[in-house]
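Chemist: This is the structure I have questions about; it appears just below.
We did not get these values from a lab; they are worked out from the coordinates using the rules stated. No experiment lies behind these values; they were computed from the predicted model shown. Here Cβ is always computed from backbone atoms with ideal geometry, including for glycine, and neighbour counts include all displayed protein chains.
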Amino acid sequence: MPQTSGGQAPPLVLTIAGSDSGGGAGIQADLKTMLALGTHGMSVVAAVTAQNSLGVQGYWELPPEAVRAQLDSVLSDIGADAIKTGMLASTALVETVAEALADVSAPVVVDPVGVSKHGDTLLAPDAVDAVRSALLPVATLVTPNLWEVELLTGVKVVDERGLRGAAEAVKALGPRWVLIKGGHLPGEPADLLFDGETEHRFTAPRHDNRHTHGTGCTLASAIASHLALGADLPAAVAAAKDYVTGAIAAGFPLGTGIGPVDHAWHLRPPH
């Protein structure tokens, strides 16, 4: 008789984001990160991009009903232990996703994607209000970079002293926690995690490697993965930061532009 018993399912993480045809960011980066960290990744495709190492050549949103159907399929049958959102592109998609996530009990990590690594806009200007009013209030954690902080709040951060003010401005929009990513500031990279009362600061070495495509997607997915694995939020951020720092250090050239971080860096044998 054949054996029919299987293994136990790992923690479940759902990404709601855009597809990156070059494989370095978006849903492809999310799923690689989730697998590398020992979780089962699932995906709701909200947009399709044509992109490579040189930039984004175009993107196409999926209809809101297609996004909602994917969400309903996964959440009604499989469920999720953590959820991550990335590129949502339009007001209709932001509102569709926010409505679906309002009733979930799993932690929601929102990466408020506004622009690509190459400077290509990935969020319609009129959708910024929907991110503020609909998506951030359902977020357990939001992970804006400095450009996204300015887009959402008007606060411009020029040095590490401005991180707390930026965190307070984003926190006022409704998420339970805020992680301000200060990697583009001068000096040692510093990120600030804030819940309205307590702040946690995270530093990491700066690696001289231009191949950093997918960093933001990877960090948010790593945080969601560690939350699904049972870590509290500060511990999940710390573990995710360690993973991403290693992935940046191992980032590799791809095509003729900016290559991706290496999502499998800690799984490869040492040279």
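Chemist: Using 0.36 nm per residue, how much length does the chain from Ala264 to Glu197 gain when fully extended, once their Cα-Cα distance is taken away?
Modeler: Result: 20.6 nm gained on full extension.
Chemist: Expected output is a single nm value to one decimal: the length gained when fully extending between Gln8 and Gln57, i.e. 0.36 nm times separation in residues minus the C-alpha distance. What is it?
Modeler: 13.5 nm
Chemist: To the nearest 500 deg cm²/dmol, what mean residue ellipticity at 222 nm is calculated for the chain from DSSP H runs of n ≥ 4 alone, each contributing -39,500 (n - 2.57), summed and divided by the residues?
Modeler: It comes out at -9500 deg cm²/dmol, rounded to the nearest 500.
Chemist: Counting other C-beta atoms within 10 Å, which of Glu99, Glu65 has the fewest, and how do the rest follow?
Modeler: Arranged by neighbour count, lowest to highest, Glu99, Glu65 become Glu65, Glu99.
Chemist: I've got another one for you. To check you understand DSSP bridge types, tell me what percent of the beta bridges within the stretch 40-109 (both residues inside) are antiparallel, rounded to 5.
Modeler: 75
Chemist: Give the order of Val97, Val44 when sorted by the count of other beta carbons within 10 angstrom, beginning with the fewest.
Modeler: Val44, Val97
Chemist: Return a whole-number percent for the relative contact order of the chain, with Cα pairs under 8 Å and 6 or more residues apart as the contact set.
Modeler: 18
Chemist: How far is it, in nm, from the label point at Ala66 to the one at Asp129 when both lie 7 Å from their Cα along the line to the Cβ?
Modeler: Modelled inter-label distance: 2.7 nm.
Chemist: If you compute Cα extents along the principal axes in Å for the structure shown, which of (i) 62, 35, 32; (ii) 67, 48, 40; (iii) 87, 47, 31 do you land on?
Modeler: Matching the structure shown: (ii).
Chemist: Turning to a different aspect of this structure: Looking at the stretch 12-264 only, what percent of DSSP beta bridges run antiparallel? Nearest 5 please.
Modeler: Looking only at bridges with both residues in the stretch 12-264, the antiparallel portion is about 40 percent.
Chemist: Shifting gears a bit: For the residues His213, His200, what sequence is obtained by ranking on other C-beta atoms within 10 Å, fewest first?
Modeler: His200, His213
Chemist: Taking a spot 7 Å from the Cα of Ala172 along the direction of its beta carbon, which residues of the stretch 126-154 have an amide N less than 11 Å from it?
Modeler: Once the point is set 7 Å along Cα→Cβ of Ala172, 153-154 turn out to lie under 11 Å by backbone N, inside the stretch 126-154.
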